[in-house]
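The values are calculated or read from the model by the stated rules, or taken from the named source; none is laboratory data. Since the model is a prediction, treat every value here as computed from it, not as a measurement. Here Cβ is always computed from backbone atoms with ideal geometry, including for glycine, and neighbour counts include all displayed protein chains.
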Amino acid sequence: MKTPNPIEITVEVKGASFVARDYLITLERRAAPLVEVWTDEPVAMGSEALVYTTFLKETAPYVDFVVNRFAQVSQTSFMASGEGLARLALDSPFCERLLRADLNSCLAAVAEALGLTFVPMTPVVTFPMDWLFLSTVRNAFDQLWRDYELTGVRWHLDFLGGKLLLLPALLPGLPIEIDELAQSETEKGIITDILPNLRPFLPVSYRGETRVIDKVVLNGKTKQAQLDLAGPED
């Protein structure tokens, strides 16, 4: 199955929008997004940017990032790169003492510290405990998941919507069939056409097995996506 039209990538910052002439976007389940875009106009250092995909005249947000590197490639070509906004939030300090707090209460406290709203999207019942958090937001998440022995659920920082979400480990819905989408399989992963909904945690069906996207790389130069798959429980 071939995509009937190429996907367009645009980058929006406050007061400006840029078409990406080239791009390399890497999303992983357990790492901050990495974004590199090449544009006809400069994108200011420190900008909070949002990447949009446009496919078949439908535009949707794909990933956010903070510009931490900028270079002028030529008179009319500029490169900007950076990491997802979540990286800054995860590394920020979180030092709190919470008494008789369950998982939702703890996540609500983390969300408040980040200026977000906590929204549980999947039910998880946990008993209240006394908590002492003395490090970063990332370590607070790790501590909660370790001490409650949580499986099948995950957190997600949605800065576009201003929310901290508690989600199922897999995105809901039937697995997407990618056998016909796949062009080849290499040591680096499965090479496919680029579609706007390719992202980590998405369940897919490949060679008769249900897998989950662990990593996706969108390559504007080749107009291809590279997918690494994992087992649903990995």
Exactly one of (1) surrounded by fewer than 16 Cβ atoms within 10 Å (Cβ to Cβ); (2) without any contact (Cβ under 8 Å) to a residue 60 or more places away in the chain; (3) assigned by TED's automatic domain parsing to the domain that holds PRO42 is unmet by PRO61. Its number? (2)
Out of everything in region 9-33 that is under 16 Å from the mean Cα position of the chain (by Cα) and of a type in the set (D, E, K, R), what residue ends up being farthest from LYS57 (Cα to Cα)? ARG30
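In region 174-209, which residue that is on the phi > 0 side of the Ramachandran plot and more than 20 Å from the chain's Cα centre (by Cα) is surrounded by the fewest Cβ atoms within 10 Å (Cβ to Cβ)? First the steps, then the outcome.
Of the residues in region 174-209, the ones on the phi > 0 side of the Ramachandran plot are 189, 201, 207-208.
Subsequent filtering for residues that are more than 20 Å from the chain's Cα centre (by Cα) retains 207-208.
On the way: ARG207: 11, GLY208: 6.
Looking at residues that are on the phi > 0 side of the Ramachandran plot and more than 20 Å from the chain's Cα centre (by Cα), I get GLY208.
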Among the strands (runs of 3 or more DSSP E) contained in region 6-104, which hold 2 or more residues that are closer than 30 Å to LEU144 by Cα? 22-28, 31-39, 48-55, 58-74, 77-83, 93-101
In region 179-211, the residues that are closer than 29 Å to GLU12 by Cβ and aliphatic (A, V, I, L, M): LEU181, ILE191, ILE194, LEU195, LEU198, LEU202, VAL204
Run down LEU171, LEU144 and say which single residue is crowded, with 17+ Cβ neighbours inside 10 Å and among the aliphatic types (A, V, I, L, M). LEU144
LEU56 meets each of (1) within 23 Å of LEU227 (Cα to Cα); (2) of a type outside the set (Asp, Glu); (3) surrounded by 13 or more Cβ atoms within 10 Å (Cβ to Cβ) with one exception, condition (3)
If we scan region 177-184, do we find a residue that is assigned by TED's automatic domain parsing to the domain that holds ALA111, of a type in the set (Val, Ile, Thr) and either without any contact (Cβ under 8 Å) to a residue 60 or more places away in the chain or farther than 30 Å from CYS106 by Cα (or both)? no
Flagged in region 210-234 as exposed (fewer than 12 other Cβ atoms within 10 Å of the Cβ) and of a type in the set (Lys, Arg), in numbering order, are LYS221
